[in-house]
Amino acid sequence: MSSDTYHAPAPPPDVPVLEARGLTKHFPVKGLRSHAVVHAVDGVDVSLRSGQVVALVGESGSGKSTIARLLARLYTQTSGEILLHGEPVTAHRGRAFRRYCRRVQMIFQDPFGSLNPVHTIRYTLTRSLRIHQPKLRGQALEDALEALLNRVQLQPERYVDKYPHELSGGQRQRVAIARALAADPEVLLADEPISMLDVSIRIGILNLLKDLRDRLGIAILYITHDIASARYFADETRVMYAGRIVEHGESELVTQEPAHPYTQLLVRSAPDPENLAAQDRTGANGEPPSMVRPPEGCRFSPRCPFATDLCRSTVPALVPVGDGRKVACWGYVEASDVEPAERDLLPVLGAARVGVSA
Ligand SMILES: Nc1ncnc2c1ncn2[C@@H]1O[C@H](COP(=O)(O)OP(=O)(O)OP(=O)(O)O)[C@@H](O)[C@H]1O
């Protein structure tokens, strides 16, 4: 990165920098003599815009990391499209692929594992700068290295010659972010970037990412199981359950007035979102479903206290519920929008609809 100002080509305002449409990934199940697959991601749409953070929230195993890896082109999708500035992305190797990888960088959960312990910070960052900006030489390379460390709020003279084991977890994650910035990316895919860090330093990393969003105009996909951090950090929140998006909208709305019974369960179980198996006050209970044989219809229906036969048999589409929010739940579908025979099967969510116009 050669200066403080964002100089990637500005997309037209209504074209997302990076977009996924109907993204689907099925992993073959190894060892079985069948065509069984893990339905990790099914028909997911995501749009990332310059200077915006989108949070992807859900329990472990809901498919969040698979989406990040598909967008980073570490996996090939089973179906669906990925578009960069509105252009379909198809390359898996060669120059076009390398150009895509420069624009779309990933930050991993584990800053301990993602930095090579035998190299200094200078080596790691200089190597990344050389790969992504090969014209930088001599003093210009030194200046870029210094700018990168300043950008992630690490004093160059203090940290540049240190090894990863001499840094704290938060400092290591800052170096990992600096390495991604060396490519001058337009998109950062941050997969649980704070979950392995001490609680006391998490906010500092989120504030750094916010600063990159605001000052460099970077689009950020923030993957987390912690819906409270999505409220703090993300402009938009998408809630995933068993490979599908069940609700999305402005983070403030989704986190303060959750509409989908699963989002309500997530919000109620914060700050311990992994502890969802016990009976919840809404009556939702049980475990996430098998992803090899996911339930027909709404995948949340086996756990949902409001589920009817319609929920158990037919997948609900994402329907608008006002203020730009969409929810995939039969409880929000207007009776006039379904066949007369199905009207009696629409679930009545009662108190679950609080805060959302019917
Ligand atoms: N390479 C793979 N081969 C087979 N199955 C996989 C593979 N990667 C992920 N899965 C399965 O796909 C589903 C979604 O996994 P994924 O890691 O995307 O979920 P996640 O929401 O990111 O969970 P976590 O927060 O635990 O990382 C899980 O059932 C997982 O076991």
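The values are calculated or read from the model by the stated rules, or taken from the named source; none is laboratory data. It should be emphasised that the depicted structure is a prediction, and the values quoted were computed from it without experimental measurement. With ideal geometry, Cβ positions are generated from the backbone for all residues, glycine too; neighbour counts draw on all protein chains shown. Heavy atoms of the whole protein, side chains included, go into the accessibility calculation; ligands, DNA and RNA do not. Shrake-Rupley method; radii C 1.70, N 1.55, O 1.52, S 1.80 Å.
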If I model the chain as equal point scatterers sitting on the Cα atoms and use the Debye formula, what is log10 I(q)/I(0) at q = 0.06, 0.08, 0.11, 0.13 Å⁻¹?
-0.24, -0.43, -0.78, -1.03
Cβ charges +1 (Lys, Arg) and -1 (Asp, Glu), total dipole of the range 129-213, debye:
60 debye
Per residue solvent-accessible surface (Å²) - the chain, probe of 1.4 Å
46 Å²
With the 8 Å Cα cutoff and a minimum separation of six or more residues, the chain has a relative contact order in percent of 19 percent
Tell me the relative contact order for the range 96-223 as a rounded percent, counting alpha carbon contacts under 8 Å between residues six or more apart.
36 percent
Dipole moment magnitude, nearest 20 debye, the chain about Cα centre, only Lys, Arg, Asp, Glu C-beta charged:
1500 debye
With the 8 Å Cα cutoff and a minimum separation of six or more residues, the range 150-256 has a relative contact order in percent of 20 percent
Give a residue-ordered list of calculated ³J(HN,Hα) values for the range 34-40 (Karplus: 6.51 cos²θ - 1.76 cosθ + 1.60, θ = phi - 60°; whole Hz; x for Gly, Pro).
8, 9, 4, 9, 8, 7, 5
Carbon plus sulfur fraction of accessible area for the chain, probe 1.4 Å, in percent:
50 percent
